[in-house]
Amino acid sequence: MLRSVILAASRSSRMERLVETAPLTRGVVRRFVAGTSPDDALRATGELVADGLSVSLDVLGEDTETPEQAVTTREAYVALLHALRDAELTPAAEVSVKLSALGQKFDEQLAYDGARAICLAASEAGTTVTLDAEDHTTTDSTLDILTKLRTDFPTTGAVLQAYLRRTEADCRELATAGSRVRLCKGAYKEPESVAYQSTLDVDKSFVRCLNILMSGDGYPMLATHDPRLIAIGEDRARWFDRSPDEFEFQLLYGVRPDEQARLAAEGYTVRVYVPYGTEWYPYLMRRLAERPANVSFFLKAVSRKA
Ligand SMILES: Cc1cc2nc3c(=O)[nH]c(=O)nc-3n(C[C@H](O)[C@H](O)[C@H](O)COP(=O)(O)OP(=O)(O)OC[C@H]3O[C@@H](n4cnc5c(N)ncnc54)[C@H](O)[C@@H]3O)c2cc1C
């Protein structure tokens, strides 16, 4: 219930203005977002890499409405990839891209062209791109674009959401040699017709999908903070005899940093998803929807006077 309300608010421009202008929002944002500028992102990446972690950088922004915004996003990624290469942070750092930020909702070809330019810059920088998963109305389009991109850039990563009923079949399809697939629970508000609604059903689907990916030929990227699912991931890695360079764990910046360090100390590959930029509102709201403890922390900060 609370999750639905917060996810609905994530699409409200009135709520967005209220949250953005609240005096102490910044402190909460800083917990989940590395900063607003590329320099902030490079600094955070450098620190994580020095601690033995890998990184996937997300230039915040989604649901772009004009071709100009889409081009600006593309250019921001290309410049970021040049900067990562110059700072010798590749291949440890890659980028995560939302196709909706590249114009997918109004011009699929523009989004493909933008993603292709980013893949080219990533390849020249010696790293990779992963296409984030967004709401279910975009899944077919995103997987089509992924297939096209993989012709020239076979390491382009996919993201599959365990809450979608279709995802087991998508896992089977994508568990092929060299195929990088991030498995996450899914962060959007989806109808029952396409998505499991209960936590238990989503968790069970996650395990079924994890089994398909870990027993397949691809490169699974297990994106969760859930202790039980992480333990199952560790168990399956032993069972299917996967070495640390044959799969990875992924966690979000600012979430369970102790667990990130523990997994890395155990010898696993751990990638931290690092968002940065000024358009943090929908991202922040999705993080709040995931965890009631984050909401009370946030409400206290927002209601306090500066
Ligand atoms: C690297 C990464 C990339 C992602 N990319 C996408 C994407 O492209 N598309 C998409 O839809 N979603 C994406 N997500 C979000 C994902 O779908 C989930 O919404 C999000 O990860 C929350 O689910 P969870 O598996 O972490 O478990 P949850 O169900 O949120 O939490 C399960 C348990 O984990 C523990 N836990 C969780 N958070 C904390 C915390 N802050 N402190 C302590 N314990 C905690 C608690 O024990 C909790 O009960 C991504 C997530 C990650 C980690």
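We did not get these values from a lab; they are worked out from the coordinates using the rules stated. These numbers come from a predicted model, not from an experiment. All Cβ positions, glycine included, derive from the backbone under ideal geometry; neighbour counts span all protein chains shown.
Summary of computed values
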item	result
Among Gln250, Gln161, Gln197, residue whose mean-square fluctuation peaks in a GNM of the chain (springs only between Cα atoms under 10 Å)	Gln197
Residues Asp144, Asp245 arranged by fewest to most Cβ contacts within 10 Å	Asp245, Asp144
Local electrostatic count at Leu80 - Lys and Arg +1, Asp and Glu -1, tallied over other residues with Cβ under 12 Å	-4
Descending semi-axes in whole angstrom, ellipsoid equivalent of segment 199-250, from the Cα gyration tensor	18, 11, 9
Rg(Cα)/(2.2 N^0.38 Å) for segment 44-196, N = residue count	1.03
Candidates Asp113, Asp235, Asp135, ranked by Gaussian network fluctuation over the chain, Cα under 10 Å, top entry	Asp235
Per-residue Cβ neighbour rank within 10 angstrom, fewest leading, Asp63, Asp152, Asp132	Asp152, Asp63, Asp132
Relative contact order of the chain, defined on C-alpha pairs under 8 angstrom at six or more residues apart (%)	25 percent
Most fluctuating residue given options Ala79, Ala223, Ala125, as computed from a GNM of the chain linking Cα atoms under 10 Å	Ala79
For Thr142, Thr45, Thr72, order by how many other beta-carbon atoms lie within 10 Å, fewest first	Thr72, Thr142, Thr45
Unsatisfied cross-links (Cα-Cα over 21 Å) in the set Lys148/Lys189; Lys98/Lys148; Lys148/Lys204; Lys148/Lys185; Lys98/Lys204	Lys148/Lys189; Lys148/Lys204; Lys148/Lys185; Lys98/Lys204
Using alpha carbons only: equivalent-ellipsoid semi-axes of segment 163-241, gyration tensor based, whole Å	21, 15, 9
Sparse-neighbourhood loop sites, trypsin sites (Lys or Arg not before Pro) in segment 221-292 - DSSP loop, at most 13 other Cβ within 10 angstrom	none
With at most 15 other Cβ atoms within 10 Å, longest stretch of the chain clear of loop chymotrypsin sites (Phe, Trp or Tyr not before Pro) (DSSP)	107-239
GluC sites (Glu not before Pro) within segment 240-295, DSSP loop, no more than 13 other Cβ atoms inside 10 Å	Glu266
Ratio of Rg to Rh over segment 48-87 (Cα coordinates, Kirkwood Rh, two decimals)	1.10
Gyration tensor (alpha-carbon) shape descriptor, the chain, a/c threshold 1.5	rounded
Span-rule helices in the chain, defined as complete DSSP H runs reaching 20 Å or more along the axis (Cα) with Kyte mean at least 0.5	199-215
Segment 179-287: projected area of the alpha-carbon convex hull, averaged over directions, in nm²	7.7 nm²
Over the chain: helical MRE at 222 nm, DSSP H runs n ≥ 4 each giving -39500 (n - 2.57), nearest 500	-16000 deg cm²/dmol
